[in-house]
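**Q** My questions will all concern the structure given below.
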Ligand SMILES: [Fe+2]
């Protein structure tokens, strides 16, 4: 089924997006299929959809960008219900410890190897280590604020690439500042924004 997406310029979700390098891409039918599946599904079905999806059929190369300074966030698709963001990690790059602003987050590791470290707040509201896990290529993980906080690090001996699904889209989140040992609110940004447009 062909899906035509028009971009409502007054939408809160797109106001944010126009700040970024913007390019319209015509998509392969495979990534269109994933977005259509997610658009037509309940959030309860997202894990199953992602686990069942053949990510090897999608060429993510046009969406990649790389920086020696930090991992990059590259938006593939965003509407009122969810966003798909491709993260590109050079060796050793990592996030700060962060929350997810009450939203649900799925991470599918397309290529490479990551480490996820989980944290919680103790009785004194201090951040405390909970556990860590290695994430391997083609593994799906899930995170939200009920689970706690986490950080992700590229532990591969080279680049890693991960696809992040946030439902709903996350405009800002709490990030732990190591120097002050406190959480601070951060407005999230994209390094690239290539909204997908489907053709009839
Ligand atoms: Fe996260």
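**Q** Taking the options 125, 145, name whichever one is out of contact with any strand residue (DSSP E or B) (no Cβ under 7 Å at 6 or more places or on another chain) and within 13 Å of the ligand (Cβ to nearest atom). Explain how you work it out, then say what you get.
**A** Values: 125 fails: within 13 Å of the ligand (Cβ to nearest atom).
None of the other options fit; the residue is 145.
**Q** Among the residues of the stretch 136-154, is there at least one that is in contact with a helix residue (DSSP H, G or I) (Cβ under 6 Å, 6 or more places away or on another chain) and either under 27 Å from residue 79 (Cα atoms) or outside any strand (DSSP E or B) (or both)? Break it down into steps so the answer makes sense when it comes.
**A** Keep residues of the stretch 136-154 that are in contact with a helix residue (DSSP H, G or I) (Cβ under 6 Å, 6 or more places away or on another chain), which gives 140.
Okay, now just the ones that are also either under 27 Å from residue 79 (Cα atoms) or outside any strand (DSSP E or B) (or both), so 140.
Checked against the condition, which is being in contact with a helix residue (DSSP H, G or I) (Cβ under 6 Å, 6 or more places away or on another chain) and either under 27 Å from residue 79 (Cα atoms) or outside any strand (DSSP E or B) (or both), the stretch 136-154 yields at least one hit.
**Q** Turning to a different aspect of this structure: Please work out if residue 178 is away from the ligand (no atom under 11 Å from the Cβ), modelled with pLDDT under 95 and more than 29 Å from residue 32 (Cβ to Cβ). Walk me through how you get there before you give the answer.
**A** Numbers: away from the ligand (no atom under 11 Å from the Cβ): yes; modelled with pLDDT under 95: yes; more than 29 Å from residue 32 (Cβ to Cβ): yes.
When the stated conditions are applied, residue 178 passes them.
**Q** Would you pick out the residues in the stretch 73-94 that are over 21 Å from residue 49 (Cα atoms) and more than 15 Å from the ligand (Cβ to nearest atom)?
**A** First, pick out the residues of the stretch 73-94 that are over 21 Å from residue 49 (Cα atoms): 73-74, 88-94.
Those that are over 21 Å from residue 49 (Cα atoms) and more than 15 Å from the ligand (Cβ to nearest atom): 74, 88, 90, 91, 92.
**Q** Could you tell me which of the residues 132, 162 is free of Cβ contacts under 8 Å to residues at least 60 places away in the same chain and either more than 14 Å from the ligand (Cβ to nearest atom) or part of a strand (DSSP E or B) (or both)?
**A** On the way: 162 fails: free of Cβ contacts under 8 Å to residues at least 60 places away in the same chain.
The match here is 132.
**Q** Name the one entry in 97, 107 that is over 27 Å from residue 38 (Cβ atoms) and within 11 Å of the ligand (Cβ to nearest atom). Steps first, please.
**A** Numbers: 107 fails: over 27 Å from residue 38 (Cβ atoms).
Unique residue meeting the criteria: 97.
**Q** Kindly list, by first and then second residue, each pair from a residue in the stretch 99-112 that is within 16 Å of residue 160 (Cβ to Cβ) to a residue that is at pLDDT below 95 and more than 10 Å from the ligand (Cβ to nearest atom), limited to pairs with Cβ atoms under 7 Å and residues at least 6 apart or on different chains.
**A** Matching pairs, first to second residue: 108/55; 110/55; 110/60.
**Q** From the list 112, 92, pick out the single residue that is surrounded by fewer than 19 Cβ atoms within 10 Å (Cβ to Cβ) and at positive phi. Outline the logic, then answer.
**A** Values: 112 fails: surrounded by fewer than 19 Cβ atoms within 10 Å (Cβ to Cβ).
Unique residue meeting the criteria: 92.
**Q** While we're here: Tally time: how many residues in the stretch 72-85 are out of contact with any helix residue (DSSP H, G or I) (no Cβ under 7 Å at 6 or more places or on another chain) and surrounded by fewer than 21 Cβ atoms within 10 Å (Cβ to Cβ)?
**A** So the count comes out to 3.
**Q** Scan the stretch 43-66 for residues that are touching a residue at least 12 places away in the same chain (Cβ under 8 Å), surrounded by fewer than 19 Cβ atoms within 10 Å (Cβ to Cβ), out of contact with any helix residue (DSSP H, G or I) (no Cβ under 7 Å at 6 or more places or on another chain) and closer than 19 Å to residue 109 by Cβ and jot them down.
**A** Result: 47, 51, 54, 55, 59, 60, 64, 65, 66.
**Q** Report, by residue number, each residue of the stretch 181-197 that is within 16 Å of the ligand (Cβ to nearest atom) and either buried (at least 16 other Cβ atoms within 10 Å of the Cβ) or outside any strand (DSSP E or B) (or both). Walk me through how you get there before you give the answer.
**A** Taking the stretch 181-197 first, the residues within 16 Å of the ligand (Cβ to nearest atom) are 183-190.
Within the stretch 181-197, 183, 188, 189, 190 meet the criteria.
The values are calculated or read from the model by the stated rules, or taken from the named source; none is laboratory data. On a predicted model such as this, the values are computed, not experimentally measured, just so you know. Cβ atoms come from the backbone with ideal geometry, glycine included; neighbour counts cover every protein chain shown.
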